[in-house]
Ligand SMILES: Cc1cc2nc3c(=O)[nH]c(=O)nc-3n(C[C@H](O)[C@H](O)[C@H](O)COP(=O)(O)OP(=O)(O)OC[C@H]3O[C@@H](n4cnc5c(N)ncnc54)[C@H](O)[C@@H]3O)c2cc1C
């Protein structure tokens with residue numbers, strides 16, 4: 001144990017750094033924290049990371065951000081989920097909503113009734129029983145109805161936002177809350193000779209920043225945790241083949257969609273993220289199956305709208321640091337690892353890692369048991385996400401390119417193989433501790449990739465088939481009617497939260 005912790009130094013001012021700054025500024029400890037964030041505007045930030053999952057709504061709320069102000073300041077739009085196109089086969093699409101498909105009936109999960117119907121040969125699509133999917137199909141948006149026990153209440157939403165504007169907005173809030181901001185380059189990380197803890201950061205102009213706790217938000221460089229403390233990196237590239245991306249901004253053509261589009265390509269996939277003032281686009285690809293020039297050109301050939309920026313190349317190794325917390329250094333964001341943005345999990349991982357830091361905050365010094373537990377929980381969480389991402393590739397029905405054939409044939413982690421087998425066998429969705437993606441997310445994938453289990457819960461057979469069909473069509477009709485009454489996404493934004501336009 002060491003003395004109490006009061007000086008926190010955050011290295012890096014991207015999304016991760018400013019999320020850490022605002023969270024810790026609002027975090028109440030016995031003695032107030034003195035927080036300093038140092039970043040180099042010369043180096044800049046990664047500047048992508050524009051699609052999120054629903055936890056961001058809670059993060060912003062906890063950080064004291066006003067939702068309307070935030071949306072206006074970041075040109076944000078609402079996100080009901082992700083539309084996956086060409087993943088199962090060319091010209092196929094399915095939707096992964098932030099929502100359940102129906103509700104349990106007599107203690108039996110709803111999808112078993114659907115699977116029972118499907119087993120009779122009737123075509124069944126889970127999406128017809130999710131209000132969020134129906135809203136998305138109709139390009140509508142409504143905020144969830146807080147009434148419990150209503151299918152109209154049973155969904156969540158997230159945002160798409162401009163990453164640079166979000167970091168700037170958080171910076172404004174965090175500095176107003178007392179965080180000290182320094183724009184300078186970190187030249188050296190000094191370690192204590194006796195225990196190897198970080199003692200200080202030395203800036204290029206010679207300024208020395210001493211601290212008790214150091215938060216590494218320095219991006220892919222991982223200046224503190226990786227470089228100074230030598231914490232290793234575990235690559236998962238044998239399962240997640242994509243290791244490069246080109247990102248480009250375009251004007252928006254057509255109405256603003258309430259979802260992210262993920263479009264499978266020959267050796268990876270593209271994202272399309274609708275913001276109020278523009279689109280964010282990118283092509284994630286595997287360098288083993290596609291050259292940089294092919295990836296860049298494919299992106300430029302397929303984006304809609306006018307290209308506003310030069311395509312930017314980003315390279316990465318999918319995987320994670322062996323631990324996120326080592327000695328007095330805690331890493332967040334890209335400094336701690338990276339999984340491709342297929343399910344928009346990176347910003348959410350910053351949030352959940354911060355929650356762990358707060359839960360195990362070393363107010364009275366660093367205890368090895370706290371550090372071990374946080375690392376265990378984080379690694380487990382990341383492995384579950386990894387498995388969920390691999391699922392997208394493994395279940396593909398595509399065999400038209402070498403990349404997709406490789407994905408379909410690859411050996412997957414045992415943990416994932418077990419889950420798929422259980423679902424194929426009896427429609428059971430196995431979930432473990434620390435799962436970010438719950439029941440409905442797995443079902444969205446199985447539905448989208450046309451996995452029909454051999455069996456369903458025997459209790460679902462108790463309802464007569466004609467009654468089941470009648471109830472299902474009533475449910476579907478009531479959702480469609482309710483969706484028709486909702487505003488279009490664009491109208492909703494115009495009415496409640498239009499962002500300021502330039503000039
Ligand atoms: C292609 C791609 C697409 C992505 N899409 C999504 C998405 O849709 N959704 C999602 O949740 N996430 C996404 N992410 C991840 C997301 O962008 C990051 O998790 C998020 O932006 C956090 O980045 P960061 O703050 O860790 O790093 P960065 O933005 O790289 O910030 C690093 C900071 O460290 C500073 N720094 C570095 N070295 C020094 C030094 N020597 N001295 C001083 N300062 C220094 C930099 O100036 C900068 O301020 C994506 C990532 C990539 C690569």
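Looking across region 13-66, the residues that are assigned to a strand (DSSP E or B) and either more than 8 Å from the ligand (Cβ to nearest atom) or within 21 Å of residue 331 (Cβ to Cβ) (or both) come down to 34, 35, 36, 37, 38, 39. The test for being touching a strand residue (DSSP E or B) at 6+ places or on another chain (Cβ under 9 Å), within 22 Å of residue 96 (Cα to Cα) and either in contact (Cβ under 8 Å) with a residue 60 or more places away in the chain or in the same structural domain as residue 131 (by TED's automatic domain parsing) (or both) does not hold for residue 460. Filtering region 281-290 down to residues that are surrounded by fewer than 23 Cβ atoms within 10 Å (Cβ to Cβ) and touching a strand residue (DSSP E or B) at 6+ places or on another chain (Cβ under 9 Å), which residue is nearest to residue 161 (Cα to Cα)? Result: 286.
The values are calculated or read from the model by the stated rules, or taken from the named source; none is laboratory data. What you are looking at is a predicted structure, and each value in this text was computed from that prediction instead of being measured. Don't worry about glycine lacking a Cβ; one is built from the backbone with ideal geometry, like all the others, and counts go over all protein chains shown.
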